Amino acid sequence: MDGVNGVNTPAAGPSGLPKLGFSAGQVVQEYGYDDDVDHDFRYAVEDVIGSELEYDDFTGVADGVLLWWRDGDGDLVDALVDVLTNLAEGAGIVVLTPKAGRVGEVDAAEIEESAVTAGLHATANVSIGSDWSASRLLAPKNSRR
């Protein structure tokens, strides 16, 4: 069975975006943007939410986060804790990592362990185009930050 925690979801084109928690009217903040990101995915997210993604220096409350993460980017636990500061209650973090065999790939176990350490749990794993995978992370409903 594919996916995180047995959750198997299809590729995230516009129809797959709701599985990652994106919907119209949301404010989505983006971290880790670089030249290698999947621009079609970014545009699809913007189409669904109806606005541009917010930069990493955004100081308002975000309804969701895109975190592009590559091996060598630092400590994933620290990054997850940092992005939680602007995140609305019940909002999710989508961690995007290069697929296995691609430069900068991140082991799925590292994502899972980092999520647990940061007080999060994985709810979905989705393929993003040919080069990226997405893992949706949520805080447990009964947790408080």
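Looking at the structure I just gave you, is residue 127 among the hydroxyl-bearing types (Ser, Thr, Tyr), on the phi < 0 side of the Ramachandran plot and part of a loop (DSSP other than H, G, I, E, B)?
On the way: among the hydroxyl-bearing types (Ser, Thr, Tyr): yes; on the phi < 0 side of the Ramachandran plot: yes; part of a loop (DSSP other than H, G, I, E, B): no.
So residue 127 fails the test.
For the condition among the acidic types (Asp, Glu), farther than 24 Å from residue 35 by Cα and in contact (Cβ under 8 Å) with a residue 40 or more places away in the chain, what is the one hit in 89, 112? Steps first, please.
Details: 89 fails: in contact (Cβ under 8 Å) with a residue 40 or more places away in the chain.
The match here is 112.
From 70, 136, 102, which residue is among the basic types (Lys, Arg), outside any helix (DSSP H, G or I) and buried (at least 19 other Cβ atoms within 10 Å of the Cβ)?
Details: 70 fails: buried (at least 19 other Cβ atoms within 10 Å of the Cβ); 102 fails: buried (at least 19 other Cβ atoms within 10 Å of the Cβ).
After applying the criteria, what remains is 136.
Report the residue count in the stretch 15-62 for those that are small (Gly, Ala, Ser) and outside any loop (DSSP other than H, G, I, E, B).
Initial filter on the stretch 15-62 (small (Gly, Ala, Ser)): 15-16, 21, 23-25, 32, 44, 50-51, 60, 62.
Okay, now just the ones that are also outside any loop (DSSP other than H, G, I, E, B), so 44, 62.
Residues meeting the conditions: 2.
Examine the stretch 36-44 for a residue that is surrounded by fewer than 17 Cβ atoms within 10 Å (Cβ to Cβ), in contact (Cβ under 8 Å) with a residue 40 or more places away in the chain and in contact with a helix residue (DSSP H, G or I) (Cβ under 8 Å, 6 or more places away or on another chain), and state whether such a residue exists.
Taking the stretch 36-44 and keeping what is surrounded by fewer than 17 Cβ atoms within 10 Å (Cβ to Cβ), we get 36, 39-40, 43.
With in contact (Cβ under 8 Å) with a residue 40 or more places away in the chain added as a condition, the list becomes 36, 40.
Those still in the list that are in contact with a helix residue (DSSP H, G or I) (Cβ under 8 Å, 6 or more places away or on another chain) too: none.
No, because not a single residue in the stretch 36-44 is surrounded by fewer than 17 Cβ atoms within 10 Å (Cβ to Cβ), in contact (Cβ under 8 Å) with a residue 40 or more places away in the chain and in contact with a helix residue (DSSP H, G or I) (Cβ under 8 Å, 6 or more places away or on another chain).
Is it fair to say residue 77 is over 14 Å from residue 22 (Cα atoms), at pLDDT 95 or above and not aromatic (Phe, Trp, Tyr)? Give the steps one after another, and end with the answer.
On the way: over 14 Å from residue 22 (Cα atoms): yes; at pLDDT 95 or above: yes; not aromatic (Phe, Trp, Tyr): yes.
Spelling it out, residue 77 is indeed over 14 Å from residue 22 (Cα atoms), at pLDDT 95 or above and not aromatic (Phe, Trp, Tyr).
Would you confirm, using the coordinates I've provided, whether residue 85 is surrounded by 18 or more Cβ atoms within 10 Å (Cβ to Cβ) and at pLDDT below 95?
On the way: surrounded by 18 or more Cβ atoms within 10 Å (Cβ to Cβ): no; at pLDDT below 95: yes.
So residue 85 fails the test.
Restricting the search to the stretch 88-109, which residues are of a type in the set (Asp, Glu) and at pLDDT 95 or above?
In the first step, residues of the stretch 88-109 are kept if they are of a type in the set (Asp, Glu); the result is 89, 105, 107.
Passing the criteria: only 105.
Check off (1) at pLDDT 95 or above; (2) surrounded by 15 or more Cβ atoms within 10 Å (Cβ to Cβ) for residue 12 and give me the number that stays unchecked.
Tallying (1) at pLDDT 95 or above; (2) surrounded by 15 or more Cβ atoms within 10 Å (Cβ to Cβ), residue 12 fails exactly one: (1).
Restricting attention to the stretch 48-66, which residues are within 18 Å of residue 89 (Cβ to Cβ), among the small types (Gly, Ala, Ser) and more than 15 Å from the chain's Cα centre (by Cα)?
Across the stretch 48-66, the qualifying residue is only 60.
Of the conditions (1) more than 20 Å from residue 17 (Cβ to Cβ); (2) in contact with a Lys or Arg (Cβ under 9 Å, 6 or more places away or on another chain); (3) surrounded by 13 or more Cβ atoms within 10 Å (Cβ to Cβ), residue 113 clears all except one; give me its number.
If we test residue 113 against (1) more than 20 Å from residue 17 (Cβ to Cβ); (2) in contact with a Lys or Arg (Cβ under 9 Å, 6 or more places away or on another chain); (3) surrounded by 13 or more Cβ atoms within 10 Å (Cβ to Cβ), just (2) comes out false.
The values are calculated or read from the model by the stated rules, or taken from the named source; none is laboratory data. On a predicted model such as this, the values are computed, not experimentally measured, just so you know. Every residue, glycine as well, gets a Cβ built from its backbone with ideal geometry; the counts of neighbours run over all protein chains shown.
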